[in-house]
Amino acid sequence: MRKLFLIIILFQIISLKAYSQIVYIDMNFILNNSQVGKFLNNYLNTINDKKLLELKEIENQIIKKEQSLIAKQNIIEKKEFEQKLSQLSKEVQKYRLDKKKTLDDINKIKKENVKKILNALNPIVSQYVNENSISLVIPKKNIIVGKKNLDITKEILDLLDQKIKKLDF
């Protein structure tokens, strides 16, 4: 009888330890809807709009040069036309390289600052996991179906908003 009682207690202790809480988190939602994420998105949109406006002006200048060259095609000598066409082609190539470099720079800024946000978010999630006895946190993008009560996105979003308001660029 005593052994049976001991086995039952041991089994319950083992089963309690085997219980683990698994939750999920939507990182994209946090990155897009937190105060720091919105701040980053606004900053990137401002830079993007400014750079695209500059590039649009350059593009319009190139188009005007092209139209002018086409209008002068029958007036100027063939050799001079080819030289100006070659020069225009170089300007177009330079424009394309500048546009690619600008977009790459914006993406680089975004990656660096998203990394900063994630580095700030990691201790927040770790503390939340420890305080709430959570065994595993899974990204929402890897979940097909899950109960809404297992989603900790809102709680983590609130904690992140309390800790960080904006980034230094």
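Read-outs throughout are calculated quantities, based only on the coordinates presented, and are distinct from any laboratory measurement. Quantities reported herein were computed from a predicted structural model and do not represent experimental measurements. Here the Cβ positions follow ideal geometry from the backbone for every residue, glycine too, while neighbour counts run over all protein chains shown.
In table form, for the structure just shown:
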| item | result |
| --- | --- |
| Sequence-separation-based contact order of the chain, relative, with Cα cut under 8 Å and 6+ spacing, percent | 54 |
| Listed residue pairs exceeding 30 Å between alpha carbons, taken from 51/90; 72/99; 65/111; 51/116; 38/64 | 65/111; 38/64 |
| Residue 82-residue 43 pseudo-label distance in nm [points 7 Å out on the Cα-to-Cβ vector] | 5.2 |
| Two-decimal Rg/Rh across region 59-109, once Rg and the Kirkwood Rh are taken from alpha-carbon atoms | 1.18 |
| Euclidean distance of C-alpha centroids, region 15-93 and region 118-142, integer Å | 35 |
| For residue 24, distant residues with modelled amide H under 5 Å away | 138, 151, 152 |
| Listed residues 152, 124, 62, most fluctuating in the chain (Gaussian network, C-alpha, under 10 Å) | 62 |
| FRET efficiency for residue 115 and residue 69, using Cβ-Cβ distance with R0 set to 45 Å, rounded to 0.05 | 0.45 |
| The chain: translational diffusion in µm²/s, Stokes-Einstein, Kirkwood Rh over Cα pairs, 10 °C, 1.306 mPa s | 74 |
| Cleavage-rule hits, trypsin sites (Lys or Arg not before Pro), region 12-102, DSSP coil, Cβ neighbours within 10 Å at most 14 | 72 |
